[in-house]
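Q: Let me give you the structure first, and then I'll get to my questions.
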């Protein structure tokens, strides 16, 4: 029997072309083996259990190394030794979480829960719910000018963060008088410590603070006119399935829309203005330096989002696998997975499909992804459920299997 020596397979894998089209430098399949840049083959190392946690999901680690996961309705911090610490109790039906680290703080979001984690351990609210009703007003003796007055109310956290404003109520004074407030809404969030009441001047439009009372108070008198309201028409961040940071704002995928927070104010969203809508639900957001990729029915590039110069165009005629985004450490470019394989999203909307002519992975759902750099090898690792058959093979076997096609 003739023996043939192979120095490597620098062309990597190809599961698209017919067997007779593959040359000696190409693999049909490589199981439990890595193809190095040189084309050499190296057997992958094995794996072992790290933590027994049935039903766990939403595992994620920040750039600073803080890792989190969800089990049941609890969000846990995971430590290197395999120990864990409870961070938050999530609302029922929250589903999978998405995470984002900005300025050392970790933000998490889902279908029914959102929050912020400071210092890797301390839970804090992310946004403040808007009061459900305005303050009611009553006339009394006083010296306010005759005219029509409007009032509204906000909630305040212990650190001074303020909610968006309620709807307004109104009262008309036929002659000089004063105004008192009653029927103040009581917040359901225990993190709210105070309420602020704002009032216009006679026949005015701007609102000025006239009272601050405890969260449980339902009555208030009017004080002097103070600071002007800054949070009217603002809401807390919406619940969402994915998010990323670009140009001073956190962009959140919620259904078929992408909402942006206020610039450098991540607790507030203006849902009247700062949003983009798409024909289908958004599965993934990936930020570059000057814009964001949005994957829905297609893949879109939005340049300079949140600015008057914002523009949108289609990049690919297909979307992405949800929760498959990672970041390439050396460049910061996002990389994600699609029905055409891995995609690298460079700045300016210049995205490219990594191995479209050689690899066809098929449709996938429920993915998780990371960029792994170890033993001089960089890999984009995606784990998910295949919803569509593909000849791309992956799995764990006792030994590497290499199938060669072509004539040497």
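Q: Return the distance in nm (one decimal) between the two label points of a simple spin-label model at residue 202 and residue 186, each offset 7 Å from Cα along Cα→Cβ.
A: Placing both labels 7 Å along Cα→Cβ, they lie 3.7 nm apart.
Q: When you count, for each residue, the other Cβ atoms within 10 Å and take the mean per peptide, how do 277-290, 210-223 rank with the highest first? Write down the numbers at each step before the final one.
A: Details: 277-290: 19.3, 210-223: 15.6.
Highest-to-lowest ranking by the protection proxy: 277-290, 210-223.
Q: Where in the range 143-161 does the label zone of residue 174 land, with the point 7 angstrom along Cα→C-beta and an amide N cut-off under 20 Å?
A: 143-150
Q: OK, next. Going out from 0 in 20 Å bins, what whole percent of all Cα-Cα distances in the chain drops into each bin?
A: With a bin width of 20 Å, the distribution comes to 23, 44, 23, 8, 2, 0.
Q: While we're looking at this one, here's another question. I need 374, 40, 195 ordered by Cβ neighbour count within 10 Å, fewest first. The partial results should precede the final answer.
A: Working: 374 8, 40 13, 195 27.
Ascending number of Cβ neighbours within 10 Å: 374, 40, 195.
Q: Mind jotting down a quarter of the surface of the convex hull over the alpha carbons of the range 149-243, in square nanometres, one decimal?
A: Details: hull surface 28.5 nm².
Mean orientational projected area (the range 149-243, Cα hull): 7.1 nm².
Q: If I take the Cα coordinates of the range 236-399 and project them onto the principal axes, what are the three extents in Å, biggest first?
A: In descending order, the Cα extents are 56, 33, 27 Å.
Q: Just to be sure I understand the model, the point goes 7 Å from the Cα along the line to the Cβ. What's the resulting residue 41 to residue 102 distance in nm?
A: 4.8 nm
Q: Roughly speaking, what % of Cα-Cα pairs in the range 113-171 are separated by over 16 Å, rounded to a whole number? Spell out each step's value before the answer.
A: Working: 1020 of 1711 pairs.
Counting every Cα pair in the range 113-171, those more than 16 Å apart make up 60 percent.
Q: Next up: Which whole-angstrom value gives the distance between the alpha carbon centres of the range 148-215 and the range 74-136?
A: 28 Å
Q: Taking neighbour counts of Cβ atoms within 10 Å as a proxy for exposure, in what order, fewest first, do 242, 270 appear? Show your work: numbers first, answer last.
A: Working: 242 25, 270 17.
By the 10 Å Cβ count, ascending: 270, 242.
Read-outs: derived from the displayed coordinates by stated rules, not from any lab. Fair warning: this is a prediction, and the values are worked out from it, not measured in the lab. Here the Cβ is made from the backbone with ideal geometry for all residues, glycine too, and neighbour counts use every protein chain on show.
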